[in-house]
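Trainee: My questions will all concern the structure given below.
The values are calculated or read from the model by the stated rules, or taken from the named source; none is laboratory data. In this text the structure is predicted, and so the values were computed from the model without any measurement. All Cβ positions, glycine included, derive from the backbone under ideal geometry; neighbour counts span all protein chains shown. Quick note on the areas: whole protein, heavy atoms, side chains included, nothing else; ligands and nucleic acids left out. Shrake-Rupley method; radii C 1.70, N 1.55, O 1.52, S 1.80 Å.
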Amino acid sequence: MNRDDLCYEPTTSLARLIRAGEVSPTQAVDAYLDRIAHVDPQVHSYLHVAADHARRSARRAEQALAERRQLGPLHGVPVAVKDLFDTVGMPTTCGSPRILGGNVSSRTATAVERLEQAGAVLLGKLHMTEFAFISHHPDTRSAQNPWKLDRSPGGSSSGSAVATAAGLASATLGSDTAASIRLPAAWCGAVGLKPTWGRVSRDGVFPLAASFDHVGPITRTVADAALLLHCIAGPDPRDPSTRRQAVPPAEPAPRDDFKGVRIGWDEEFVTMGVFPEVVTAARAARERMEALGATIVPVELPDVESIVTIFADVFDVEMRAAHAGLYPARAEDYGPLTRHALAHFATRDPLVHVEGAILARAFRQRIDRLFDDVDVVLCPVGALPAPPQVDEQVIIEIFGQDHRNIIRLTRLTSIWDLAATPAIALPWGFDGDGLPLAVQLVTRVGTDEALLSIAARLEVEAPDRGRRPPLA
């Protein structure tokens, strides 16, 4: 197996090869580090490559194999994490080099710790928009979409999606508050899983808006996402918000068809303001599920403006609170858009958070009742394929007058962060320009296992599986 093929091997397969002794952890790490050195200068997915750390970890994994000791289901598998996860001995800058450029944590985030306890080898820290907001800090080179370098990779987990899609890590971790796992995954042609809120610990993860923040994997297959979730999920005393729910299985439950599966479909939600090719992809996925026995159930999802109001009332106050020790004291060190947003959020009455939180609970109950009638909702991830990269000033002009436009733009995804449900972005072919398309599946809170089972079966039907970005 050549270097590039090894770097595109699914995580589940690579883990088996390492356990069988067909690939050594050192070989895997060296292949990835070599590819990072050659390819990452094109796409800028990494902020910090921990080469020495990775090689030491690989040697320890190799020694364990020689002693017939299994470290866990990810034994020797090279992974990387978004740069808002604390990691001992590595910088954690949250994509904000002026404010956190010298920040090295004395402890490791629970999710990363669990990856390493499962035997994974940490390659480094991945690029992201500043503090997981909208844009990359101007002092850093933005991450680039590996399918077309002039197109956006999405945010905020930009580096996580790029590294996975470009074969620069076997799997990655990201975080999702309004779209930040699923949209980058969709635009870069990867699988992006947002688990149920609280299924994965947020300990050691810098918050964007704590009550909406989800931690989850970006991978190349649904089986890989299931394996990563198995390794990182579960209650954590360091994060009281984690759910007291059993760790999900390492593999999706197999299914031959979709008989008995009720698919919720909201025609207006799927089509309103959505590019025709994106709608066509969602319809094609629906037709394949229906052909395999699923029943289509018309549903009516909440209107956009009700989502926007509730989301913004909570988000604005929580983001401002997350930066209480940094803003306004370090205001000039923020990038323009993050600084602009924090100044706007500072004018909001904190009491709106109380009303917003009450409405959010009612909203979640409404969505939970929806799943009495359907097993899964099918819809697009984003309204369009990856758009052209734009500079900071253009973004400010789009969002600067009304930050609620962010929620309107991400209405197909932010609704599910507000609802706390599990949701997955699944690659579904390409548009006429060769850019990835994707569909989104959503299930009831706490039913991540059912979501992964349905997604794994639908993945088999996806067109153009296995195509790689055109990188040298």
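Trainee: Find the percent of Cα-Cα distances in region 341-468 that exceed 17 Å, and round it to a whole number.
Mentor: Cα-Cα pairs in region 341-468 separated by more than 17 Å: 69 percent.
Trainee: Report, in order of residue number, the helices in the chain meeting two criteria: a C-alpha extent of 24 Å or more along the helix axis, and a mean Kyte-Doolittle hydropathy of at least 0.5; treat each whole DSSP H run as one helix.
Mentor: Result, helices passing both filters: 304-322.
Trainee: What trypsin sites (Lys or Arg not before Pro) does region 31-126 have in DSSP loop regions with at most 16 other beta carbons within 10 Å?
Mentor: Here the sparse-neighbourhood loop sites are R68, R69, R107.
Trainee: For the full complex of protein chains and a 1.4 angstrom probe, list L122, L370 by accessible area with the highest value first.
Mentor: Accessible-area ranking of L122, L370, largest first: L370, L122.
Trainee: Determine the sum of side-chain charges near D373: Lys and Arg each +1, Asp and Glu each -1, restricted to other residues whose C-beta is under 15 angstrom from that of D373.
Mentor: Once positives and negatives cancel, what remains is -1.
Trainee: Continuing with the same structure: Give the lysines whose C-alpha is closer than 24 Å to that of K194, dropping any in the same chain fewer than 8 places away, or say none.
Mentor: Reachable lysines: K82, K125.
Trainee: Of S306, M272, S241, which is farthest towards the positive pole of region 225-320's charge dipole, taken about the Cα centre with +1 and -1 on the beta-carbons of Lys, Arg and Asp, Glu respectively?
Mentor: Of the candidates, S241 comes out farthest on the positive side.
Trainee: Okay, next question. Please report the antiparallel percentage of DSSP beta bridges with both residues in the chain, rounded to the nearest 5.
Mentor: Beta bridges within the chain, antiparallel portion: roughly 70 percent.
Trainee: May I ask you to give the solvent-accessible area per residue for the chain, in square angstrom, as obtained with a 1.4 angstrom probe?
Mentor: Result: 37 Å² of accessible area for each residue.
Trainee: What number comes out for the charge environment of P25, summing +1 per Lys or Arg and -1 per Asp or Glu over other residues with Cβ under 9 Å away?
Mentor: Local net charge: +1.
Trainee: Taking K148 as the anchor, which aspartates and glutamates have their alpha carbon closer than 15 Å to its alpha carbon, excluding any fewer than eight residues away along the same chain?
Mentor: Excluding near neighbours in sequence, the set is D40, D431, D433.
Trainee: When the accessible area of the chain is computed with all protein chains present and a 1.4 Å probe, what percentage of it is carbon and sulfur?
Mentor: 52 percent
Trainee: Still on this structure, please answer the following. Mind listing the long-range amide H neighbours of M128? Cut-off is under 5 Å, sequence gap 5 or more, other chains count too, H placed in the peptide plane at 1.01 Å from N.
Mentor: G159
Trainee: With a cut-off of 8 Å between alpha carbons and a minimum separation of six or more residues, what is the relative contact order of the chain in percent?
Mentor: After rounding, I find 17 percent.
Trainee: Still on this structure: Within region 17-42, name every residue whose backbone N is under 17 Å away from a label modeled 7 Å from Cα of R68 along the Cβ vector.
Mentor: Under 17 Å, as judged by backbone N against the label point of R68, lie 19-21 of region 17-42.
Trainee: Separation of region 396-472 and region 316-366 by C-alpha centroid, Å?
Mentor: 25 Å
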